Amino acid sequence: MEDAAEPAPDAPPDAPVRKIIHVDMDAFYASVEQRDDPSLRGKPVAVGGASRRGVVAAASYEARKFGVRSAMPSITAKRQCPDLIFVPPRFDVYRDISHQIRAIFSDYADEVEPLSLDEAYLDVTADKAGLGSATAAAKAIRRRIRDETGLTASAGVSYNKFIAKLASDQNKPDGLTVIPPGKGAAFVQTLSIRRFHGIGPVTAAKMEGLGVFSGADLAGKDPVWLAENFGNSAEWLYNLARGIDHRRVKSNRPLKSLGGERTFFNDLTTDTEIREALAHVCTVVWDRAAKRGARGRTVTLKLRYADFKTITRAKSVAAPILDGAALLAAGEAILAPLLPTEQGIRLLGLTLSKFEGEEDEADGADVADVAANDLLSLI
């Protein structure tokens, strides 16, 4: 995106053109494993547990051709791809590489907002590296990642976060897509609403039931219709369909939630087993909260039953939770109405959120979920 670009449609007339890069590593965990073990290269690889209770944490592009996806039960993945090779996760290695990549980012932008170990937004409006354009910066970043880590990254360059993220996914793997101001709305309107970051499967299904399948369909709906069908999300959806996103890149992104979960080799069927599992997960979550000095007010319980139906239930308390016992008590209060269970529990998770000092803000698509890296380490 060159400096001569016209202002973004969501910017005041006198505002400078924002230049945002979204960098997304290609099949990060699986690519690291293929890099470190040459015998895995060119083969379908899944990072995760191979047992019948295992879950795919990440899949190589060779595996994705067979429909293997992250969060898929390992037994299903193996059925779809009989030659699938399972590799246990090495999160310490992934974190080290992530830190290496973030050090590269810091040479090009002062404002860097990591979303996870393998992706981040960069605001390069200030042209810290003196390369002349955001596109040149994105090319340099991708080249350095390849040279210094042996891995590939895709990047999207645009005038706001929403479009930059969509663009980074446009030509994966190892791709670069630039959407300049004046082209954002047209680009967004060519896409399926299932591509929109922040519109999950449930909302997408609702939209499709109402005849909204693409960005163009969404752009054709007026604010009144959107409010009637999507409530407080109406303005956000109206803007997205027009390529408008006011969010800025925020370094030192505040912690939104943290948690842990366990997938069990055998279904838990008794109240005692389920409560013991909850106590174990609470211990893990509180340990993480204590290390960060995080004190939250909302506890969310997640249960996945033997038939893979998944439910979540949340409870907020007036004052921040100050110790592990209080966290467990909140978790048990949520769990109690769900017991006894008619079928076994294959997964149990707990999340702590709404931390002290956290400000409420409409952050659209980028409200952080529980870190998948932490969750998967418990599987």
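The values are calculated or read from the model by the stated rules, or taken from the named source; none is laboratory data. Note that the structure is a prediction, hence the values are computed from the model and not measured. Reconstructed Cβ throughout: ideal geometry from the backbone, glycine too, with neighbour counts over all protein chains shown. With ligands, DNA and RNA removed, areas are computed over all heavy atoms of the protein, side chains included. Shrake-Rupley method; radii C 1.70, N 1.55, O 1.52, S 1.80 Å.
Is any residue of region 166-207 close enough, with backbone N under 19 Å, to a label point placed 7 angstrom from the Cα of residue 228 along the Cα-Cβ axis, and if so, which?
Correct set: 206-207.
Quickly estimate the mean residue ellipticity at 222 nm for the chain, helices only: each DSSP H run with n ≥ 4 gives -39500 (n - 2.57), and the total goes over all residues, rounded to 500.
Here the helix-only value at 222 nm equals -10000 deg cm²/dmol.
Using the beta-carbon distance between residue 99 and residue 332 and R0 = 41 Å, what value does 1/(1 + (r/R0)^6) give for FRET efficiency, to the nearest 0.05?
The pair residue 99/residue 332 has a calculated efficiency of 0.65.
Over the Cα atoms of region 101-229, compute the convex hull volume and normalise it per residue, giving Å³.
So the per-residue Cα hull volume is 121 Å³.
Give me D for region 198-251 in µm² s⁻¹, whole number, from Stokes-Einstein with Rh from the Kirkwood sum over alpha-carbon pairs, 25 °C and 0.890 mPa s.
Taking Rh from Cα pairs, D becomes 210 µm²/s.
Write down the percent of antiparallel bridges among all DSSP beta bridges whose residues are both part of the chain, to the nearest 5.
Here the share of antiparallel DSSP bridges comes out near 90 percent.
Per residue of region 285-302, in order, report the coupling 6.51 cos²θ - 1.76 cosθ + 1.60 (Karplus, θ = phi - 60°) as ³J(HN,Hα) in whole Hz, putting x for Gly and Pro.
5, 5, 4, 5, 5, 5, 5, 8, x, 8, 10, x, 10, 10, 10, 10, 9, 10
Given that compact globular proteins tend to follow 2.2 N^0.38 Å, what is the ratio of the alpha-carbon Rg of region 166-309 to that value?
Relative to the 2.2 N^0.38 Å estimate, region 166-309 comes out at 1.42.
So, in nm, how far is label residue 110 from label residue 235 when the simple model puts each one 7 Å beyond its Cα toward the Cβ?
3.0
Using each residue's phi in region 135-150, evaluate 6.51 cos²θ - 1.76 cosθ + 1.60 at θ = phi - 60° and report the 3J(HN,Hα) Karplus result to the nearest Hz, with x for Gly and Pro.
With the stated coefficients, region 135-150 comes to 4, 5, 5, 4, 5, 5, 5, 5, 5, 5, 4, 5, 5, 8, 10, x Hz.
7 Å from Cα along Cα→Cβ at both residue 61 and residue 322: what's the point-to-point distance in nm?
Spacing of the two 7 Å Cα→Cβ label points: 5.4 nm.
Find the accessible area per residue for the chain; the probe is 1.4 Å, ligands and nucleic acids are left out, and the unit is Å².
Using a 1.4 Å probe on heavy atoms only, each residue of the chain averages 46 Å².
Could you list log10 I(q)/I(0) for the chain at q = 0.08, 0.10, 0.11, 0.15 Å⁻¹, which the Debye formula gives when each Cα is one point scatterer?
Once normalised to I(0) and log-transformed, intensities are -0.46, -0.74, -0.90, -1.49.
According to the Cα gyration tensor, what semi-axes, each the square root of 5 times an eigenvalue, does the equivalent ellipsoid of region 260-313 have, listed from largest to smallest in whole Å?
Semi-axes, largest first: 23, 13, 9 Å.
Which percent of Cα-Cα pairs in region 246-359 sits in each 5 Å bin, short to long?
For region 246-359, the binned pair fractions read 2, 12, 23, 22, 15, 12, 8, 4, 2, 1 percent.
Pairwise over distinct Cα atoms, reciprocal of the mean inverse distance: report the Kirkwood radius of region 15-70 in Å, one decimal place.
12.8
Using protein chains only and a probe of 1.4 angstrom, how many square angstrom of residue 66 are accessible, to the nearest 10?
110
All other residues with a Cβ under 12 Å from the Cβ of residue 269 taken together, and with Lys, Arg as +1 and Asp, Glu as -1, what is their net charge?
That sum, taken over residues with Cβ under 12 Å, equals -3.
With just the Cα atoms defining each centre, how far is region 140-165 from region 209-274? Give it in Å.
Computed from Cα coordinates, the inter-centre distance equals 25 Å.
Report the GluC sites (Glu not before Pro) located in region 300-359 that are in a DSSP loop and have at most 16 other Cβ atoms inside 10 Å of their Cβ, or state none.
Sparse-neighbourhood loop GluC sites (Glu not before Pro): 342, 356, 358, 359.
Can you give the convex hull volume per residue for the Cα atoms of region 74-159, as a whole number of Å³?
Per-residue hull volume (Cα only) is 130 Å³.
Sequence gap at least 6, Cα distance under 8 Å: using those rules, report the relative contact order of the chain to the nearest whole percent.
This gives 16 percent for the chain.
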